Amino acid sequence: MTLNDAVARRHTVKAFEGGKSLPQDEIETLLNVLRNSPSSVNSQPWHFVVASTAAGREQMAKSTEGAFVYNSPKVLNASHVIALCMRTDLDEAHLQNVLAQEEEDGRFAKPDGKAGQDKSRRSYVDMHRYEQRDVPQWMEKQVYLALGGLLLGAAMLGIDATPMEGFDQRTLDQALGLREKGFTSVVLVSLGYRSEADFNAALPKSRLPRDEIFTFI
């Protein structure tokens with residue numbers, strides 16, 4: 001499948017066929033996509049919770065009760081559901097952990113490379129913490145970068161997917177014990193096989209014309 005084919009075929013699935021599981025190798029590929037997602041100054045301010053069992057999906061579906069009940073079937077009938085989460089803060093422990101991993105992975109070719117990387121990353125963290133005062137929004141943006149890669153990766157593999165902001169974040173955080181671990185949920189993605197009830201599959205894509213969304217200079 002070409003990239004053009006994948007983006008043309010990709011759509012937000014409205015109904016999944018329950019009881020069908022995606023091949024594990026395809027799931028591993030998508031997890032690799034998430035792990036290798038880009039982030040500002042390699043801050044990696046995320047965590048991903050993967051529900052691959054009925055019990056796990058039921059836990060996540062608690063957050064779609066009430067006002068978001070229309071999303072419950074998309075969670076319960078999917079093969080896998082991933083909660084893309086962000087850290088509640090870029091604390092010292094996380095900054096040191098990222099730096100140590102970079103060193104272990106051989107990112108510093110010169111002796112002063114480690115100190116330089118640490119100083120650069122901290123300057124961005126401080127800018128967003130003290131001047132712009134938008135650390136949560138900054139971290140959330142990095143999670144959405146990961147979301148884009150996940151959806152494109154799923155499309156390339158021919159996997160049906162549905163991103164969802166329609167859930168109660170507090171309920172999901174409580175159900176998964178996220179806040180005690182220093183995380184909070186941002187967006188859900190259901191993955192699986194669309195059912196015949198997926199009316200969106202038969203509808204043509206609708207996008208604004210190229211000349212309205214591109215400017216060439």
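Every number here is computed from the coordinates shown, using simple stated rules; none is lab data. Keep in mind that this is a model prediction, so the values were computed, not measured. Note that we place each Cβ from the backbone using ideal geometry, even for glycine, and neighbour counts take in every protein chain shown.
Filtering R57, R35 for residues that are free of Cβ contacts under 8 Å to residues at least 12 places away in the same chain and of a type in the set (K, R) leaves a single hit, R35. S120 falls short on exactly one of the conditions (1) touching a residue at least 40 places away in the same chain (Cβ under 8 Å); (2) buried (at least 16 other Cβ atoms within 10 Å of the Cβ); (3) out of contact with any Pro (no Cβ under 6 Å at 6 or more places or on another chain); (4) not hydrophobic (A, V, I, L, M, F, W, C), and that condition is (2). Of the numbered criteria (1) touching a residue at least 40 places away in the same chain (Cβ under 8 Å); (2) on the phi > 0 side of the Ramachandran plot, the one G177 fails is (1).
Please note which helices (runs of 4 or more DSSP H) are completely contained in segment 1-79 and include at least 2 residues that are farther than 19 Å from V187 by Cβ and touching a Leu at 6+ places or on another chain (Cβ under 6 Å).
Output list is empty.
Against the definition (over 16 Å from the mean Cα position of the chain (by Cα) and buried (at least 19 other Cβ atoms within 10 Å of the Cβ)), how does V143 come out, yes or no? For V143, the condition - over 16 Å from the mean Cα position of the chain (by Cα) and buried (at least 19 other Cβ atoms within 10 Å of the Cβ) - is not met.
Of all residues being in a helix (DSSP H, G or I) and not small (G, A, S) in segment 191-217, which is farthest from V81 (Cα to Cα)? Just the residue, please.
Residues of segment 191-217 that are in a helix (DSSP H, G or I), as a first pass: 199-202, 210-213.
Next, from what is left, pick out any that are not small (G, A, S): 199-200, 210-213.
Numbers: F199: 21, N200: 20, R210: 33, D211: 36, E212: 35, I213: 32 Å.
Here the answer is D211.
Whether any residue in segment 163-172 is in a loop (DSSP other than H, G, I, E, B) and either free of Cβ contacts under 8 Å to residues at least 60 places away in the same chain or out of contact with any helix residue (DSSP H, G or I) (no Cβ under 8 Å at 6 or more places or on another chain) (or both) is what I want to check. Spell out how you get there, then give the answer.
Initially, segment 163-172 is screened for residues in a loop (DSSP other than H, G, I, E, B), giving 165-168.
With either free of Cβ contacts under 8 Å to residues at least 60 places away in the same chain or out of contact with any helix residue (DSSP H, G or I) (no Cβ under 8 Å at 6 or more places or on another chain) (or both) added as a condition, the list becomes 165.
Scanning segment 163-172, I find at least one residue that is in a loop (DSSP other than H, G, I, E, B) and either free of Cβ contacts under 8 Å to residues at least 60 places away in the same chain or out of contact with any helix residue (DSSP H, G or I) (no Cβ under 8 Å at 6 or more places or on another chain) (or both), so the answer is yes.
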